[in-house]
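Data first, discussion second: the structure below is written as structure tokens.
The values are calculated or read from the model by the stated rules, or taken from the named source; none is laboratory data. Computed from a prediction, not measured in an experiment: that's the story for all the values here. All Cβ positions, glycine included, derive from the backbone under ideal geometry; neighbour counts span all protein chains shown. SASA here: full protein model, heavy atoms, side chains in, ligands and nucleic acids out. Shrake-Rupley method; radii C 1.70, N 1.55, O 1.52, S 1.80 Å.
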Amino acid sequence: MIAEAITVTLPTAGWALTAGLLGRKLRAARRDPVSRLWTRLPWMRRADRLIRRRQASHVLMLDLDGFKPVNDTFGHPAGDAVLRAVGARLDQFTAEHGGLHTECARLGGDEFVATITLNEHDVEAFSEGLAHELAQPVPWPDGPLAVTASIGIVAIADLEQPSASTALKRADEAMYAVKKLRGGQGHRAPRRSATTDPGAEVSLQPTQGGKPMVAGDGAVVLEGFLDEETLPGTRDDTARFRIHLAADEDRVDEAVLPCVVENPVLAAYVLTERERGDLLRVSGHLRLPQTPDGAMWLDVHAIDVLHLTLLADPTDEEVTPFVERYASYVTLYDPEGLTHVWHESGEEVGMTDDPSEISDLIHAYERPAASGETGGPA
């Protein structure tokens, strides 16, 4: 009996240790390097889980006001200092005042998001307290840096189909309305879209599989994945990149289209904010080859981000897919943050987005065998 107990206990105890170490590595790889908060995709998974379990009551989204002048006046190191301070303050304030279940993330640019668990009558006081905390000056050698935040909050109970994506969309709309009421321009952060007119909103009809269409001014609109790292252009304040277009009914083969950005604001955005694998909608005018053996290219006027990349950085070993084995169990850690567990017999044990839950999966799998029920390892 003692031997049997040890046999059952050792794999789960070993996995608890192994999963803890690997979990810390994977969580570090999914953190935003500046704010140290979750990035978008890990936050979405955790928010969805909290919403399914009814452990999140609200989702908030905030956008900083006055952040661009800080960058323009003091430089990007000062901007990074502000983002670090905002991340730390948001994380600490929500942990102390946001209820039992809070998750914070930096979506990109100067946009942040969080889940909270509060009664409806406490939300307004929470929002005001958070805004006050974020408005405190950030120390800097050249003088304190001051920004404020527009905060939008949505109640999960008000959503017809509760999910992280729908909550994020509604919170974004609420934040946008708050920004306008506070006298701001109502500009969303350039993570979502950027145009050659900083005050303009892009309104383009959806396309299918990269199939081009014509916008109102005759510009071609295409959807495709950013094919490689964006590079500076041949002139200052320009950028060049390529988008990968999928095959469709009009185009039998996949295609890669060179793109050039000549507007300085848009060029800086695509050079610093975008990553290989992002799904983009680009609009502009097609230009004919300048030489007989040259390629057609797109003079880009506007860019919308339809989906952030799911690709792992091939230089980052911590997010490269890898397989581990312990005793009679095998796990696969994939770049999307999921951990798959199998018994050596080939039977699937389960799947989780939190490596610390591996031991729970194995316990649940082995419980029927330990109690004499059918199922579990033979």
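Work out how much length Thr234 to Val256 would gain on full extension: take 0.36 nm times their residue separation and subtract the Cα-Cα distance, in nm to one decimal.
Working: separation 22, 0.36 × 22 = 7.92 nm, distance 1.98 nm.
Taking 0.36 nm per residue and subtracting the Cα distance, the gain is 5.9 nm.
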May I ask you to give the solvent-accessible area per residue for segment 44-98, in square angstrom, as obtained with a 1.4 angstrom probe? 46
On full extension of the chain, what length is gained from Ala95 through His307, given 0.36 nm per residue of separation minus the C-alpha to C-alpha distance? 73.4 nm
In nm, spacing of pseudo-spin labels at Asp80 and His340 (7 Å Cα→C-beta vector): 3.7
Which residues in segment 144-177 have a backbone N closer than 17 Å to a point placed 7 Å from the Cα of Val34 along the Cα-to-Cβ line? 145-150
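Within a Cβ distance under 13 Å of Gly75, other residues only, what is the Lys/Arg minus Asp/Glu net charge?
Details: positive: Lys68; negative: Asp72, Asp80, Asp142.
The answer is -2.
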Starting from the Cα-Cα distance between Glu124 and Leu181, subtract it from 0.36 nm times their residue separation and give me the gain in nm to one decimal. 18.9 nm
Cα→Cβ-extended label distance, 7 Å offset, between Val265 and Arg52, nm: 4.1
Roughly how many Å is it from the Cα centre of segment 155-174 to that of segment 252-309, as a whole number? 32
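Using the beta-carbon distance between Leu41 and Leu159 and R0 = 22 Å, what value does 1/(1 + (r/R0)^6) give for FRET efficiency, to the nearest 0.05? Walk me through the intermediate numbers first.
Working: r = 20 Å, r/R0 = 0.92.
Once rounded, the FRET efficiency stands at 0.60.
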Add +1 for every Lys or Arg and -1 for every Asp or Glu among the other residues with Cβ under 13 Å from the Cβ of Asp48, and state the total. +4
